[in-house]
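Below: the structure, in structure tokens.
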Amino acid sequence: MTVTITYFDLRGLAETFRLMLEYLDVKYEMKYITSREQWLTDKYNQGIDFPNLPIYEDGDVKMSQNFAIMRYIARKYKSLDPVSEAEIQMVEVAEGALTDIRIAWGMLCYNPKFSELKDGFLEDLPNKLKGWEDVLGKRKWVAGKLTYVDFAMNESLDHIVTLFPGCYDNHPNIKKYKEAFFSLPKIKAYRESSKFKKFPIMGPWAAWGGTAQG
């Protein structure tokens, strides 16, 4: 059975699911939203709790909410999920830290004052990444084994370095982590295929990353 992901035609939050499904060899198709206004009209007619984009459909399962979808994929395929209590704790803590980074990144890219704010974001980036640099100095992956949170974090890291090339040069553990993830054979093959689109990263209404060229 083919999975369906409903989203805008961009990387955004859905790219993490694509990376996971590619890694797991799960067939999927994209259903693209072409009108934001129409989506807002239809949003609460989806027949699911807390509807939002992306929407993930897998047989009788239809759901939204980013981390919930990642956890579902990890559980269903009995891979990429934390197993022990210690692993679960490490992954859940990392989710919170990743959410902080995602919020700050979104507030920059969708801000009309983006040009004025981007230098400040870059200056403060080492503070945002300090916890990750420390953790990744102890473990290859966030929980010791590869889990869904590594997919989500590496996608976010790739967004940021696309805008700020070289921003991880003083963060050797993060740099090694990102290189290891994107060197995974199935991830590397996907990213070198025509299925992968570097841009757009954000929605078309973003100040940066919302067009085919960024």
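The values are calculated or read from the model by the stated rules, or taken from the named source; none is laboratory data. These numbers come from a predicted model, not from an experiment. Backbone-built Cβ (ideal geometry, glycine too); neighbour counts: all protein chains shown. Surface areas here come from the heavy atoms of the whole protein model, side chains and all, with no ligands, DNA or RNA. Shrake-Rupley method; radii C 1.70, N 1.55, O 1.52, S 1.80 Å.
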Checking the table LYS76/LYS145; LYS130/LYS198; LYS128/LYS176; LYS118/LYS195 against a 25 Å threshold on Cα-Cα, which pairs fail?
LYS130/LYS198; LYS118/LYS195
Counting Lys +1, Arg +1, Asp -1, Glu -1, what net charge surrounds GLU92 among other residues with beta carbon under 11 Å of its beta carbon?
-2
Compute the projected area of the convex hull of the Cα atoms of the range 1-150, averaged over all viewing directions, and report it in nm² to one decimal place.
10.5 nm²
Enumerate the amide H contacts of TYR28 below 5 Å, restricted to partners 5 or more residues apart or on another chain; note that Pro and chain-start residues carry no placed amide H.
VAL3
For the chain, built as a Gaussian network whose Cα springs stay under 10 Å, the top-fluctuating residue of PHE199, PHE181, PHE50:
PHE50
List the relative contact order of the chain as a percent without decimals, with contacts defined as Cα pairs under 8 Å and 6+ residues apart.
24 percent
Would you look at the GNM of the chain, springs on alpha carbons closer than 10 Å, and say which of SER64, SER194, SER183 moves the most?
SER194
The chain accessible area per residue, 1.4 Å probe, protein heavy atoms, integer Å², reads 52 Å²
Between LYS140 and GLN38, what is the label-to-label distance in nm when each label sits 7 Å out along the Cα-to-Cβ direction?
4.6 nm
Ordered by packing density, taken as the mean number of other Cβ atoms within 10 Å over each peptide's residues, highest first, how do 100-106, 113-119, 90-96 rank?
90-96, 100-106, 113-119
What distance in nm separates the simple spin-label points at LYS27 and THR2, each placed 7 Å from Cα in the Cβ direction?
0.7 nm
Quick one: among PHE67, PHE182, PHE121, which has the greatest mean-square fluctuation in a GNM of the chain with alpha-carbon springs under 10 angstrom?
PHE121
Between VAL93 and ILE48, how many nm apart are label points set 7 Å from Cα along the C-beta direction?
3.1 nm
To one decimal place, what Kirkwood hydrodynamic radius in Å is obtained for the range 5-75 from all pairs of distinct Cα atoms?
12.6 Å
Starting from 0 in steps of 5 Å, tell me what percent of the Cα-Cα pairs of the range 102-210 lands in each bin.
2, 11, 20, 23, 19, 15, 8, 2
Compute the signed sum of charges (Lys and Arg +1, Asp and Glu -1) over the other residues within less than 11 Å, Cβ to Cβ, of ASP150.
+3
